[in-house]
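The values are calculated or read from the model by the stated rules, or taken from the named source; none is laboratory data. Keep in mind that what you see is a predicted model, and the values were worked out from it rather than measured. In this analysis, Cβ positions are derived from the backbone assuming ideal geometry, glycine residues included, and neighbour counts consider all displayed protein chains.
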Amino acid sequence: MKFFLWAIAGIAVLAAAVGGVFYEHPLWVADQQIRLHLRQSHVESEYVQAGAYRLHYFEALPPKGGPERPLLLVHGLGSRGEDWSPLIPGLAAAGFHVYVPDLLGYGRSPQPDVDYSIPLEEKTVLDFMNAVHIDKADVAGWSMGGWVAMRIAADHPERVERLVLYDSAGLYFQFDPTLFLPTDGAGLQKLMAAISPKPRAMPGFVQQDALRKLHSNAWVVKRSIAAMTNGKDLMDFRLWKIHEPTLIVWGGHDDLIPIEAGERLHRGISGSVFEVMEGCGHLAPAECYRPVESATLAFLTADPAPQGGEQRIPAAGN
């Protein structure tokens, strides 16, 4: 009986401690859950020396015995490799050797005192490809990562097999640079409303943790935004240089980067395929990952590669 009471007391203390950690650091707890899910899906967390920096990345192997086809996923502004977690296992299971680096300044990669420009992140990805011995890959980019992916396709076409762009930045459009730098709950809600058509309500303690995390990375985001908005690296007049088969996927309710930008990409990249995910926003690869995964795999595995066309895919739950 005494042992039972001690066990109950121990469980109560442990529960209180876990509850306290969750209350103080809910985003850290959420990250541990994501990383556990990735480990259980046989996605490995690794580091590699890429040029001057030791970058963190995720790697997922295809099933044994099948052909390996490298697929590189490049995240966006203020993001990290974990944000691809809904897509990584399915893409690997379909036969792709998936690599997901944290860009310089983001995730668990270093944060040196540099400008965080698009050309710098392009070099970071190329250095990463060299470090893990990828000569040529399918390259997919989300938001700012799409901009980086487009530059690689335009500047180094020999490194890109097929190109996939999800709600991609890179063309000129009206943008509020303060959106990614919220300082209070109202600013955080404004950011969430811009990236998701159905933003989830955040309890106060989660908002505070999110604001702390955003504040800790604000200097990197500010430099990235400054480099992105100076205009000199925009792709508006360079799309003609992209000749690789290209899939453009857009959330039909993206209030951060308007669908008009996706339409301009489609017109500017010869032979591109344009697919709109109805009911989805800027976070389509996460919030609508099932139809996004299906569209991505259909494009990447088609032989020959699809050329041209537009499609609207009805809203579907994950």
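Here are the numbers:
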{"quantity": "Some residue of region 100-108 being crowded, with 17+ Cβ neighbours inside 10 Å, of a type in the set (Gly, Ala, Ser) and over 20 Å from residue 163 (Cα atoms)", "calculated": "yes"}
{"quantity": "Residue pairs meeting the criteria (Cβ under 6 Å; at least 6 apart or on separate chains; first outside the structural domain of residue 202 (by TED's automatic domain parsing), in region 166-190; second at pLDDT below 95 and surrounded by fewer than 14 Cβ atoms within 10 Å (Cβ to Cβ))", "calculated": "none"}
{"quantity": "Test: residue in region 7-14 that is outside any strand (DSSP E or B), surrounded by 14 or more Cβ atoms within 10 Å (Cβ to Cβ) and either modelled with pLDDT under 95 or out of contact with any Gly (no Cβ under 9 Å at 6 or more places or on another chain) (or both)", "calculated": "no"}
{"quantity": "Selection status of residue 127, charged (D, E, K, R) and outside any loop (DSSP other than H, G, I, E, B)", "calculated": "yes"}
{"quantity": "Every residue from region 137-164 that is assigned to a helix (DSSP H, G or I) and over 15 Å from the mean Cα position of the chain (by Cα)", "calculated": "151, 152, 153, 154, 155, 157, 158, 159"}
{"quantity": "Residues of region 183-219 that turn out to be assigned to a loop (DSSP other than H, G, I, E, B), exposed (fewer than 13 other Cβ atoms within 10 Å of the Cβ) and within 21 Å of the chain's Cα centre (by Cα), as a count", "calculated": "2"}
{"quantity": "Residues of region 109-119 that turn out to be crowded, with 20+ Cβ neighbours inside 10 Å and farther than 22 Å from residue 215 by Cβ, as a count", "calculated": "1"}
{"quantity": "Residue pairs meeting the criteria (Cβ under 7 Å; at least 6 apart or on separate chains; first under 9 Å from residue 251 (Cβ atoms), in region 263-285; second charged (D, E, K, R) and surrounded by fewer than 16 Cβ atoms within 10 Å (Cβ to Cβ))", "calculated": "276/312; 278/312; 281/255"}
{"quantity": "Scan of region 127-145 for residues that are out of contact with any Asp or Glu (no Cβ under 9 Å at 6 or more places or on another chain) and under 17 Å from residue 73 (Cβ atoms), ordered by number", "calculated": "127, 128, 131, 134, 140, 141"}
{"quantity": "Failed criterion for residue 68 (all others in (1) closer than 26 Å to residue 129 by Cβ; (2) touching an Asp or Glu at 6+ places or on another chain (Cβ under 9 Å); (3) at pLDDT below 95 hold)", "calculated": "(2)"}
{"quantity": "Hits in region 231-245 - residues which are assigned to a loop (DSSP other than H, G, I, E, B), out of contact with any Leu (no Cβ under 9 Å at 6 or more places or on another chain) and touching a residue at least 40 places away in the same chain (Cβ under 8 Å)", "calculated": "231, 233, 238, 243"}
{"quantity": "Residue list for region 250-297, restricted to those being assigned to a loop (DSSP other than H, G, I, E, B), surrounded by fewer than 21 Cβ atoms within 10 Å (Cβ to Cβ) and at negative phi", "calculated": "252, 253, 255, 258, 270, 278"}
{"quantity": "Index of the failed condition, residue 177 passing every other in (1) closer than 30 Å to residue 95 by Cβ; (2) in a loop (DSSP other than H, G, I, E, B)", "calculated": "(1)"}
{"quantity": "So residue 93, is it among the hydrophobic types (A, V, I, L, M, F, W, C) and loosely packed, with under 14 Cβ neighbours inside 10 Å", "calculated": "no"}
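Here is a yes/no grid of residues against (1) out of contact with any Lys or Arg (no Cβ under 9 Å at 6 or more places or on another chain); (2) under 13 Å from residue 285 (Cα atoms); (3) touching a residue at least 12 places away in the same chain (Cβ under 8 Å); (4) not assigned by TED's automatic domain parsing to the domain that holds residue 138:
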| position | (1), (2), (3), (4) |
| --- | --- |
| 67 | yes, no, yes, no |
| 72 | yes, no, yes, no |
| 83 | yes, yes, yes, no |
| 86 | no, yes, yes, no |
| 96 | no, no, yes, no |
| 105 | no, no, yes, no |
